[in-house]
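The values are calculated or read from the model by the stated rules, or taken from the named source; none is laboratory data. Being a predicted model, the structure only gives us computed values, none of them experimental. Cβ placement follows ideal geometry from the backbone for every residue including glycine, while neighbour counts extend to all protein chains displayed. Protein only, heavy atoms only, side chains kept; ligands, DNA and RNA dropped before computing areas. Shrake-Rupley method; radii C 1.70, N 1.55, O 1.52, S 1.80 Å.
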Amino acid sequence: MGYTALYRKFRPLTFSEMVGQEHITKTLKNQIIAGRVGHAYLLNGGRGTGKTSAAKILARAINCLNPQDGEPCNECEICKGAISGSLTDIVEMDAASNNSVEDIRSIREEVNFLPTKAKYRVYIIDEVHMLSTGAFNALLKTLEEPPEHVKFILATTEPQKLPATILSRCQRFDYKRISDEDIMKRLEIVCKESKIEATKGALAIIASLSEGAMRDALSILERCIQDGENKIDEDKIKDLVGIPKVTFVNGIIQAMIEYDVDKALEKVNEVLKEGKDINQFIWEMIKYVKDILIYQATKKLELYNEEELEQIKTIAQSVSKNKLVDLVYQLSKLESDIKLSTQKTIMFQAGVIRLCNQQVAINSGIEERIEKIEKYLKAGKAITISNNQVAQGMQEIGKQKLETNPTTIAKSNSTYNQVANQKSTSSRNNQASAKTKNFSKHAEEYWPQIMNDLKQNGRIVLYTNLMGTKAKEINDMTVGIEFPNGMTSFGKAVLEKQENKKEISNLVSIACGKEMQIKYLTQIEKQHELTNEESIQNLANESNIPFTIIE
């Protein structure tokens, strides 16, 4: 007798042997016991969850000569014939390769004949969503009113591709993803009967890799014993399926948190030398960060030994939740970019370098501080710190490092033209401001109240980024918000968001009693008040650039 794959050898023969689908098997058994078996069933679910197995069991159970509590006996002539495939009254058809109108027409002709041995002629159509439109139309009438001796069992992984007319004619059962615990229990039984020595950690990894599919789990298990040794541990599985060692993943994640580019690239090169798949490795990194988040919340994890748990504990205590969430998003984006790139290795290395850059963490760092402020406010605690100190601190957080070389700034015609244009524009603005000078005092009065409303309403992000600002009505339709200390890159990103800008504009409009627009004014927009030389001098001083004026 030839070799039989594990997933075929251990295919369930009764409903009680099926794993993780008790909500379906119980209903089917009750229908068989009560004699209320429907004429058409639709079994829907992911791959390897037991749809085809349930269809075969159901086909035997309704034809069994000695059914036992809704289960087939698997000992009578009908059951043995169905299991061996010699019973012609149970027809299995793969719609992926038999999807034409002619294939369905042959079924329509056959249903008029009585079964040869069994009580019912049962048609099991797998991957039914692959049928053509014409084939579906040909099946409609037969599926709705088949002869009493005919039953249809349809199975699919994509029910959304089925016409509504087909769905409405079937009893639908949705198969769920099998839990890792149920898969591990089944694998333990398989290992015991197959005399396979597998550690609990190895079975846990197989269950996790199978993603809820029992068939995939058995296929992975079978792959692990193909070398002739019936001993399986965690390292063996990781080597076979290409999972990088946890030490590599831990090293790179630790380097990203510490912003250590050299350490990260060293680990990346080790992974690439071992020939690990880049997409698989990024998936492992995302999963590892997710596990750190879970550990922060629950203080426990599975699939890790004591040493690995200690490493996760160390990282969990040294990094914020916001940083970890940001890493998940950034790694997911990197994975998507790599899939579209022809230079996967370069993209991966560049992505790791970018994630080791401290500037990437600016947003999460600011959000962490804001979160602490919100907690204090909700707790009713006083924050003994002045507005200027908070504003200064927020600017320091978002401050960008400017690395420049000594530069010579020539007072050329183009420079004069730019400054002249600025003066011309500012002159027109000053004229407009003069016409609405009577509004300026009003703006100065209501702006502190708007700031206070933002704080009281819990809009801490907007409040902290607007600290130290002043309001100035530019004209009868626009209010300018002045930033004496300039805007940080993070502050600009927050305030330029459409919803935030709209909220501020609405508050200003309410205060003015009419619809108003807002405009952010920084020191750069005030350069028109300076002379040409002063403008260039201030620009150089702010940027810390040595310069020489050439007459």
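Applying a threshold of 8 Å to beta carbon distances and a minimum spacing of six or more residues, or different chains, the list of pairs starting in the stretch 157-174 at a residue that is within 16 Å of Leu139 (Cβ to Cβ) and ending at one that is charged (D, E, K, R) and outside any strand (DSSP E or B) reads Arg169/Glu144.
When every residue of the stretch 168-181 is checked against the conditions, none turns out to be more than 20 Å from Gly45 (Cβ to Cβ) and within 39 Å of the chain's Cα centre (by Cα). Within the stretch 464-484, the residues that satisfy the criterion of being within 16 Å of Ile510 (Cβ to Cβ) and in contact with a helix residue (DSSP H, G or I) (Cβ under 6 Å, 6 or more places away or on another chain) are Ala471, Glu473, Val479.
Assess whether Ala118 counts as being farther than 21 Å from Leu167 by Cα, of a type in the set (Gly, Ala, Ser) and either touching a residue at least 24 places away in the same chain (Cβ under 8 Å) or open to solvent by less than 50 Å² (accessible area, probe 1.4 Å) (or both). In short, yes. Only one of the numbered conditions (1) over 19 Å from Leu42 (Cα atoms); (2) of a type in the set (Val, Ile, Thr); (3) touching a residue at least 60 places away in the same chain (Cβ under 8 Å) is not met by Thr88, and that is (3). Filtering the stretch 174-193 to residues that are crowded, with 16+ Cβ neighbours inside 10 Å and either in a helix (DSSP H, G or I) or among the acidic types (Asp, Glu) (or both) leaves Asp180, Asp182, Ile183, Met184, Arg186, Leu187, Val190, Cys191.
Within the stretch 138-164, count every residue that is under 41 Å from the mean Cα position of the chain (by Cα), in a helix (DSSP H, G or I) and hydroxyl-bearing (Ser, Thr, Tyr). Qualifying residue count, the stretch 138-164: 0.
Would you please list the contacts, defined by Cβ atoms under 6 Å and residues six or more apart or on different chains, that run from a residue in the stretch 5-19 that is in contact (Cβ under 8 Å) with a residue 60 or more places away in the chain to a residue that is open to solvent by less than 20 Å² (accessible area, probe 1.4 Å) and aliphatic (A, V, I, L, M)? What qualifies is Leu6/Leu218; Tyr7/Leu218; Phe10/Val190; Val19/Ile178.
Looking only at residues of the stretch 306-332 that are among the charged types (D, E, K, R) and open to solvent by 70 Å² or more (accessible area, probe 1.4 Å), we find that the one that is nearest to Arg354 (Cα to Cα) is Lys321. Any residue in the stretch 34-54 that is within 32 Å of the chain's Cα centre (by Cα) and surrounded by fewer than 18 Cβ atoms within 10 Å (Cβ to Cβ)? The answer is yes; a qualifying residue exists.
Consider the stretch 267-305 and keep the residues that are farther than 25 Å from Thr345 by Cα and either small (Gly, Ala, Ser) or open to solvent by less than 50 Å² (accessible area, probe 1.4 Å) (or both). The one that is farthest from the chain's Cα centre (by Cα) is Tyr304. Quick check, is Glu529 modelled with pLDDT under 80 and either of a type in the set (Asp, Glu) or surrounded by fewer than 20 Cβ atoms within 10 Å (Cβ to Cβ) (or both)? In short, yes. For the stretch 11-32, which residues satisfy the criterion of being in a helix (DSSP H, G or I) and surrounded by 15 or more Cβ atoms within 10 Å (Cβ to Cβ)? Listed by number, the residues that qualify are Phe15, Glu17, Ile24, Thr25, Leu28, Lys29, Gln31, Ile32. Condition check for Ile104 on (1) aliphatic (A, V, I, L, M); (2) surrounded by fewer than 15 Cβ atoms within 10 Å (Cβ to Cβ); (3) touching a Leu at 6+ places or on another chain (Cβ under 7 Å): one failure, at (2).
When Thr88 is tested against (1) open to solvent by less than 50 Å² (accessible area, probe 1.4 Å); (2) within 28 Å of Phe136 (Cβ to Cβ); (3) hydroxyl-bearing (Ser, Thr, Tyr); (4) touching a helix residue (DSSP H, G or I) at 6+ places or on another chain (Cβ under 9 Å), only condition (1) is not met.
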